[in-house]
Amino acid sequence: MSYVEKYTVSKRGKEEGPYAAAEIIDLLRMKELSTIHKVKVGADWMVVPDFIDLFEKGELPEQNLEKSFEDAEEAAMEEEEAAESEEAVEEPEPEPEPEPIEVPEPGPAVEIHVNRSGTQFGPYLFKELKDYLKAGNLRFSDMVWFEGLPEWVQLSSIPGVADGIDSLGSAAPPPPKPPPAPAAPAAPPPMRQAAPPKPSPSVQSDDEEDEEDEEDFEVAMDEEDAEASTNLAPHGPRVMAALVDGLIVVAVMGILIGVAGLVTEFNSKLLLGGGVGYLVLGWLYYGLTESSKAGGGLGKRMSKLRVIKADGRAPGFAAVSMRSLLKILFSFTIILPFVALLTPRRQGLHDLACGTLVESYARDE
């Protein structure tokens, strides 16, 4: 039910009512009121014609009150609709986090680069990397990269890097004979690092101490690299040793083929058997001599050379056997044995595949 205002009517100075607006109109029609009578609206008096004019225009207080209620209701409805529309707007989905990089376990012959605060070291083999870490020269927070990784990762993320390491050393010297850089390594991705703030001149900061440690570490690495490279066998003695050992194998194989040819006859089967015999004889000769304490056959002993692992240890029979078979197979190509003249550590393809080196021990005697 809507609100109805009552009004007082003045007839000849006498007040009557109160009446509703519709009742005042009816009284005027019944001529109980005339146009000279007055109606009190609020605190003001006005004649009946003006009152009826306001009523028809909808400007009476009760009419304005209903309109204000309607406006308030409409405003409340609009606010509710706006709130519902805001709730209906979907929140933007958060950006997906980048997937973590899967770091594969490097093989024993994989060369690993190390970067500490923008200074790069290495590359090193996986075993040497663990030795550096155990000795205290490397930290788990150092960044590393090897072929197959899209970007630099922390040393701690390499699988198996902490296996067998019970404690970490402090300020230890680098292990002996770190492998120098290969001839043409895959280029590691650049590292982006923000410039550190300048420390106060009166107090030495942790960054300055780290820089001093890194300089000492780099100098020690360079000294060990230089020392390791001076032990590598020169090309002249290596060629001489290869000729002597090769002639021994060829001579023995020639005698066997000659005896077999005299007993039977020279044909294609005999030549094929000679090739297989050369492979077996060469494998036995190089495998047995190079895995012995002497480290090589007659040619290598004359030239004072021996075969060692890249980390300085003596190779086992299995590694030498694989090296011997590859060496003999590559010798059939005539060209591939000369790869040793091009690599920085004077390694042939068989040395690169087996992780071995040929060193000279004349300086030690």
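Residues being without any contact (Cβ under 8 Å) to a residue 40 or more places away in the chain and buried (at least 16 other Cβ atoms within 10 Å of the Cβ): count how many of those fall in the stretch 240-256.
2
Based on this model, can you work out whether A294 counts as surrounded by fewer than 18 Cβ atoms within 10 Å (Cβ to Cβ) and within 22 Å of G122 (Cβ to Cβ)?
Answer is no for this residue.
Kindly provide the set of residues from the stretch 297-310 that are closer than 15 Å to H350 by Cβ and open to solvent by 40 Å² or more (accessible area, probe 1.4 Å), ordered by number.
Residue satisfying the conditions is K309 alone.
With the structure loaded, tell me whether L60 is over 30 Å from W152 (Cβ atoms), over 22 Å from the mean Cα position of the chain (by Cα) and modelled with pLDDT of 80 or more or whether it fails that test.
no
Sort through E70, E84, E91, E32 and tell me the only one that's modelled with pLDDT under 80, in a loop (DSSP other than H, G, I, E, B) and open to solvent by 80 Å² or more (accessible area, probe 1.4 Å).
Being modelled with pLDDT under 80, in a loop (DSSP other than H, G, I, E, B) and open to solvent by 80 Å² or more (accessible area, probe 1.4 Å) holds for just one of E70, E84, E91, E32, which is E91.
Does any residue in the stretch 311-323 that is open to solvent by 40 Å² or more (accessible area, probe 1.4 Å) come within less than 6 Å, Cβ to Cβ, of a residue that is of a type in the set (A, V, I, L, M, F, W, C) and part of a helix (DSSP H, G or I) six or more places away or on a different chain, and which pairs are these?
Taking only residues 6 or more apart or on different chains, the pairs are M322/C354.
Would you mention how many residues in the stretch 306-340 are more than 23 Å from L279 (Cβ to Cβ) and in contact with a strand residue (DSSP E or B) (Cβ under 7 Å, 6 or more places away or on another chain)?
Of the residues in the stretch 306-340, 5 are more than 23 Å from L279 (Cβ to Cβ) and in contact with a strand residue (DSSP E or B) (Cβ under 7 Å, 6 or more places away or on another chain).
Yes or no, residue by residue, for (1) among the small types (G, A, S); (2) out of contact with any Lys or Arg (no Cβ under 7 Å at 6 or more places or on another chain); (3) part of a helix (DSSP H, G or I); (4) within 15 Å of N231 (Cβ to Cβ):
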position: K293; (1), (2), (3), (4): no, yes, no, no
position: G299; (1), (2), (3), (4): yes, yes, yes, no
position: I308; (1), (2), (3), (4): no, yes, no, yes
position: P315; (1), (2), (3), (4): no, no, no, no
position: K327; (1), (2), (3), (4): no, yes, yes, no
position: F330; (1), (2), (3), (4): no, yes, yes, no
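Looking at (1) open to solvent by less than 60 Å² (accessible area, probe 1.4 Å); (2) at pLDDT 85 or above; (3) over 25 Å from D351 (Cβ atoms), which is the only condition I112 fails?
(3)
Is there any pair linking a residue in the stretch 22-40 that is under 14 Å from L54 (Cα atoms) to one that is of a type in the set (A, V, I, L, M, F, W, C) and open to solvent by 80 Å² or more (accessible area, probe 1.4 Å), with Cβ under 6 Å and at least six apart or on different chains, and which?
As it stands, the answer is K38/W45, since those pairs meet every condition given.
Within the stretch 115-161, track down each residue that is under 23 Å from K309 (Cα atoms) and open to solvent by 50 Å² or more (accessible area, probe 1.4 Å).
Across the stretch 115-161, the qualifying residues are K127, D131, K134, E147.
Mind checking which residues of the stretch 257-291 are assigned to a loop (DSSP other than H, G, I, E, B) and either surrounded by fewer than 16 Cβ atoms within 10 Å (Cβ to Cβ) or of a type in the set (K, R) (or both)?
Of everything in the stretch 257-291, those that are assigned to a loop (DSSP other than H, G, I, E, B) and either surrounded by fewer than 16 Cβ atoms within 10 Å (Cβ to Cβ) or of a type in the set (K, R) (or both) turn out to be T264, E265, F266, N267.
The values are calculated or read from the model by the stated rules, or taken from the named source; none is laboratory data. This is a predicted model, so every value here is computed, not measured. No Cβ is skipped: glycine too gets one built from the backbone with ideal geometry, and neighbour counts run over all protein chains shown. Side chains are part of the model used for accessible areas, which takes the heavy atoms of the whole protein and leaves out ligands, DNA and RNA. Shrake-Rupley method; radii C 1.70, N 1.55, O 1.52, S 1.80 Å.
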